[in-house]
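Enquirer: Quick one: this structure, given as structure tokens, is what I'll be asking you about.
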Amino acid sequence: MKIAVAGTGYVGLVTGICLAEHGHEVTCVDVDEEKIAVMQSGKPPIFEPGLDELMLKNMERLTYTTDYRSAYAGAKVIFVGVGTPEKRDGSANLSYIYAVADQIAESVSEECVIVIKSTVPIGTNDRVEDYLKDALKGRVNIHVASNPEFLAQGTAVRDTLHASRIVIGVEDPFSEKVLREVYEGFDAPLIVTNRRSAEMIKYASNDFLALKISYINEIANLCEVIGADIEDVSKGMSYDSRIGSQFLRAGIGYGGSCFPKDTKALNWLARFNDHEIKTVKAAIEVNENQKFLPVKKAARYYKDLKGVKVAVLGLTFKPGTDDLREAPSLVTVPVLLDDGAKVRAWDPVGVENFKKRLEGEVEYCDTIEETLKDAELCLIFTEWPEVKAIKPETFVQLMKNPIVIDGRNCFETEEIRGVSGLVYDSIGRAVIDNR
């Protein structure tokens, strides 16, 4: 089937390449000529494990272009995977969605299905369909369907090819028939519902996971006060099949392109309709506060950070991606710099993106060892495998003052206890002070 995909970010590009893997002819469209040139050379413009291999494998079925007219004109299905960033008030910015709608109205020449893959507020599919039909004035018969994504950065290819479920929201038999053909061969449960339910499934799913993270972080903070161990608490909870083990890792908060904006968007939508989702509102507040926890912990050891050499390990919001959106490092590092700290930072893939986002003097290192050398404080923001592989003795050997604040609980407390001279302060667990 001939398919066009609008947008080549995480959602659009991964969707397009995975559809090509299933035999479809896919044209990926973007306004950024530099990105298109990179993809035409066989390389992805984003860091995502497994994506480059699939691009090369399916290159005969993949086209990358800025020419939206030709891409949309002959497509039976057009997936819309552009960004919906949050606005100042927390609502979703839909300007990119409507910009693509204008291009589609200008270009389509035969009956087709426009599939909104982007995360959009409930009712957006209805409004986009009305917008398109008004613009087309009956020249071409179009159908609009909702097909939210459930991929996570770092595992996006696997999450698409081996999805937990495929949700399609349709209002007519034609759309359902076409989307069933698109996803024929995908080994995943197919849930067919109306468009508004599909839109809500996406928000409800993401916000529930964000709630779970904020909940366990609140429990972790209380564990520190009362002397309980969050690792044992989480493990004990996880054996209940109603709870499970996923998203029960305590830390310094969630980040990325989905959870922060989706919680804020649903919170805004509720308030706009004279309703309040108190749990989602609380999750947002907890997560924002959690990002400042490393700085608060640092005050236990230094009354003043002026001139203190601080090693930062990890900049991205999680391992397996170069994405920095809503990363705790973007909150904490500026505070460290404002307080006069001398910051060295290491990340295997996120440094270049971090440089674009941060104003301030940071020394970037190629190795963990270089970052730790003579440091007086170490903050861990991302649980990269390279960080988890550090032997605790290394902190003592390289650091001038081996104080480690671990925002991701990368180490078992038992392996820390016997390391003389090391101070280890993690999340939801007792401080280990071996000085």
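Enquirer: LYS76: which lysines have alpha carbons under 25 Å from its alpha carbon, excluding same-chain residues fewer than 8 sequence positions away?
Expert: Partners within reach: LYS2, LYS35, LYS57, LYS117, LYS133, LYS137, LYS177, LYS202.
Enquirer: Given the -39500 (n - 2.57) contribution per DSSP H run of 4+ residues, what per-residue ellipticity at 222 nm results for the chain, rounded to the nearest 500 deg cm²/dmol?
Expert: -12500 deg cm²/dmol
Enquirer: I need the helices of the chain that pass two filters: whole DSSP H segments spanning 30 Å or more by Cα along the axis, and mean Kyte-Doolittle score no lower than 0.0.
Expert: Numbers: long enough: 195-226 (47 Å, 0.19).
Length and hydropathy pass: 195-226.
Enquirer: From Cα pairs below 8 angstrom and at least 6 apart in sequence, can you work out the relative contact order of the stretch 131-200, rounded to a whole percent? Could you put the intermediate results ahead of the total?
Expert: Details: 80 pairs, mean separation 24.6, N = 70.
About 35 percent, as a whole number.
Enquirer: Looking at the stretch 164-251, which GluC sites (Glu not before Pro) are DSSP coil and have at most 13 other C-beta atoms within 10 Å of their C-beta? Working shown, then result.
Expert: Values: sites: GLU171, GLU176, GLU181, GLU184, GLU199, GLU218, GLU224, GLU231; in loops: GLU171, GLU184.
Passing both the DSSP loop test and the Cβ count: GLU184.
Enquirer: Counting other beta carbons within 10 Å of each Cβ, put TYR364, TYR72 in order, fewest first.
Expert: Ranking TYR364, TYR72 by Cβ neighbours within 10 Å, fewest first, gives TYR364, TYR72.
Enquirer: Less than 13 Å apart at the alpha-carbon level, and either on another chain or at least 8 residues along: which aspartates and glutamates does that give for LYS87?
Expert: ASP262
Enquirer: So, one more: Quick one: which of LYS264/LYS291; LYS261/LYS291; LYS318/LYS391; LYS297/LYS356; LYS306/LYS342; LYS212/LYS278 span more than 19 angstrom between C-alpha atoms?
Expert: With Cα atoms farther than 19 Å apart: LYS318/LYS391; LYS297/LYS356.
Enquirer: Evaluate the relative contact order of the chain (contact order divided by residue number), counting alpha-carbon pairs under 8 angstrom at least 6 apart; express in whole percent.
Expert: Computed over the chain, the figure is 12 percent.
Enquirer: On to the next question. Whole angstrom only: what separates the Cα centroid of the stretch 98-140 from the Cα centroid of the stretch 199-249?
Expert: The stretch 98-140 and the stretch 199-249 have Cα centres spaced 39 Å from each other.
Enquirer: Rounded to the nearest 5, what is the percent of antiparallel bridges among the DSSP beta bridges in the chain?
Expert: Here the antiparallel bridges make up roughly 10 percent for the chain.
Enquirer: Okay, next question. With no solvent and one point on each alpha carbon, what is the Debye value of log10 I(q)/I(0) for the stretch 202-290 at q = 0.17 Å⁻¹?
Expert: -0.72
Enquirer: Same structure again: How many angstrom lie between the Cα centre of the stretch 280-315 and the Cα centre of the stretch 1-68?
Expert: 38
FYI, it's all coordinate maths here, none of it is from the lab. What you see is a predicted model, and the numbers here were worked out from it, not measured in a lab. Cβ atoms come from the backbone with ideal geometry, glycine included; neighbour counts cover every protein chain shown.
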